[in-house]
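A short reminder: the numbers here are calculations on the coordinates, not readings from a lab. What you see is a predicted model; the values in this text were computed from it and never measured. FYI the Cβ positions are ideal-geometry reconstructions off the backbone, even for glycines, and counts take in every protein chain you see.
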Amino acid sequence: MIRWNADQTALRQGLARWCEPLSAGHIERDAEGVFPQDQWKLVQESGILGLPFDERWGGLGQSLLTTLYVLEELGAGCRDGGLNFSVATHMVSCGVPLQRFGSQALKERYLPGICSGATIGAHAISETESGSDALAMRTTATREGDAFVLRGGKAFVSNGPVADVFVVYARTHPDGGPFGITAFLVERDTPGLSVGAPVAKMGLRTSPLSELHFDECRIPASAVIGRVGSGFLIMDHVMKWEILCSFVITTGQMRYRLDRCVEHAKERIQFGKPIGSYQSVSHKIVDMKIGLDTAQKWLYDTAERLTAGENVTTDISIGKLLASENNLSSALAAVQIFGGSGYLTEYGLEKDLRDAVAGPIYSGTSEIQRNRIASMLGL
Ligand SMILES: Cc1cc2nc3c(=O)[nH]c(=O)nc-3n(C[C@H](O)[C@H](O)[C@H](O)COP(=O)(O)OP(=O)(O)OC[C@H]3O[C@@H](n4cnc5c(N)ncnc54)[C@H](O)[C@@H]3O)c2cc1C
């Protein structure tokens, strides 16, 4: 078990004062389905966006583990699941690949804005015809002199409607396969790039999502992140971070929900007794706790091993399955434990459930994670 030191604890506790203003009005914002600009400014002020980035770019220079420890608290304290999702997407989709693989010039130009949150980031991998099978992407980037020309389109781009920069993955080699993909940093106002309108969706409604279209979109060759053909390796690195960061936030949400259900089960009296004294209720809560503890331990353990340079391919998939699927069952159980009130919008639990449905889909579906584990077992 990790023993957090005083600095890590202080950093996490420092986030506490932001959580109330970040959460204020979250149910109304969900109904409106708009990105919360005011809350984003508070996120910027809190400094958390710079957690894993080097101090020379304005970051806090924290380790992956410390970053996760603070993000978990964001999940526990901030009730706006869409905002939390946008925070993780912003931090991981652009900042992480730039810091790890970007040229000095790209880092100097973009990382300060990404660390402060003044520049909002997003990434574009999925397309309408290629989701799980990401390598089947059809968007191409063709070298023309000192530039690449992007042609095609992307779907499901989280933060798309509000992003200033996109990490776009496109095919630079006509042969299928992992080494034909390259990552590019594309600015929103690049001629030939059009950003679609926000797409209505079930949950995470304050985290807007859109399509991108590239029509002869010319970007300088200096916008390549890493090397031409290294896009798949970058994607793999980003996915590991994305799963750890997004789903440690999820475990924070599960912790808050568990506490709420325990309290309700002790206070709500039916047939003369607290409903928590009925085994069918208490066992639901026990399962919520088992799901939370297992997912949380697994994610931190995987992060430690990733930091140590170990191969965590299977563990990342297991961590994603544990967190996303246990979160979904815990969110459903919470609605049931609260009875009719759980179904009412004002309690926030139905929103929580709608948000939770996305977990087994984004960052690689549950089926794809199980396929990955099966292939690591030689099946
Ligand atoms: C809230 C949200 C945010 C997202 N944000 C982003 C983003 O920022 N950037 C981005 O690029 N994408 C994003 N996505 C897209 C996401 O990555 C894809 O939706 C996901 O990879 C699944 O692809 P698909 O929707 O095309 O489904 P499909 O790939 O068509 O899959 C449909 C179903 O078939 C199953 N399936 C497919 N292939 C297999 C197989 N070989 N074996 C077993 N089952 C299989 C899937 O598991 C799924 O159940 C987001 C999605 C959501 C819901």
Taking the alpha-carbon centre of each part, the distance from the stretch 264-339 to the stretch 1-80 in Å is 22
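Using Cα pairs under 8 angstrom and six or more residues apart, how large is the relative contact order of the chain, in percent?
Details: 699 pairs, mean separation 60.8, N = 379.
The value is 16 percent.
Which percent of the Cα-Cα distances in the stretch 280-343 go past 18 Å? Intermediate values should be presented prior to the final figure.
Details: 887 of 2016 pairs.
When all Cα pairs of the stretch 280-343 are counted, 44 percent exceed 18 Å.
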When the chain is treated as a Gaussian network with springs between alpha carbons less than 10 Å apart, the largest mean-square fluctuation among 355, 54, 189 is found at 189
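In the neighborhood of residue 69, defined by Cβ-to-Cβ distances under 14 Å, what is the net charge if each Lys or Arg adds +1 and each Asp or Glu adds -1?
Numbers: positive: 3, 12, 255, 297; negative: 7, 72, 73, 301, 304.
Result for the local shell: -1.
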Placing each pseudo-label 7 Å from Cα in the direction of the beta carbon, residue 31 and residue 45 end up separated by a distance in nanometres of 2.6
Surrounding charge for residue 328, neighbours by C-beta under 11 angstrom, Lys/Arg +1, Asp/Glu -1, total -2
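I'm a student and want to see the number: the projected area of the Cα convex hull of the stretch 232-376, averaged over all directions, in nm². Can you show the working numbers first?
Details: hull surface 36.8 nm².
The number I arrive at for the stretch 232-376 is 9.2 nm².
Please report, ordered by residue number, every helix of the chain (full DSSP H runs) that is 24 Å or longer along its axis going by C-alpha atoms and whose mean Kyte-Doolittle hydropathy reaches -1.0. Show your work: numbers first, answer last.
Numbers: long enough: 6-23 (26 Å, -0.45); 231-267 (53 Å, 0.05); 279-307 (41 Å, -0.43); 313-337 (36 Å, 0.55).
For the chain, where a helix must reach 24 Å along its axis and average at least -1.0, the hits are 6-23, 231-267, 279-307, 313-337.
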The size of the Cβ-based charge dipole (Lys, Arg +1; Asp, Glu -1) of the stretch 122-229 about the Cα centre, to the nearest 20 debye, is 200
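I need 90, 283, 264 ordered by Cβ neighbour count within 10 Å, fewest first. Numbers along the way, then the final one.
Working: 90 26, 283 11, 264 21.
Ranking 90, 283, 264 by Cβ neighbours within 10 Å, fewest first, gives 283, 264, 90.
All other residues with a Cβ under 11 Å from the Cβ of residue 53 taken together, and with Lys, Arg as +1 and Asp, Glu as -1, what is their net charge? List each step's numbers first, then the result.
On the way: positive: 56, 100, 107; negative: 54, 55.
So the surrounding residues net to +1.
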Share (percent) of C-alpha pair distances in the chain greater than 28 Å works out to 45
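Which of the peptides 157-165, 212-220, 302-310 is most tightly packed, and how do the rest follow, judged by the mean count of other Cβ atoms within 10 Å per residue? Walk me through the numbers before you get to the answer.
On the way: 157-165: 23.2, 212-220: 18.1, 302-310: 15.2.
Most protected by this proxy first, the peptides run 157-165, 212-220, 302-310.
R0 = 41 Å: FRET efficiency of residue 273 with residue 379, Cβ-based, nearest 0.05? Present the calculation step by step, with values, prior to reporting the outcome.
Numbers: r = 49 Å, r/R0 = 1.20.
Result of the calculation: an efficiency of 0.25.
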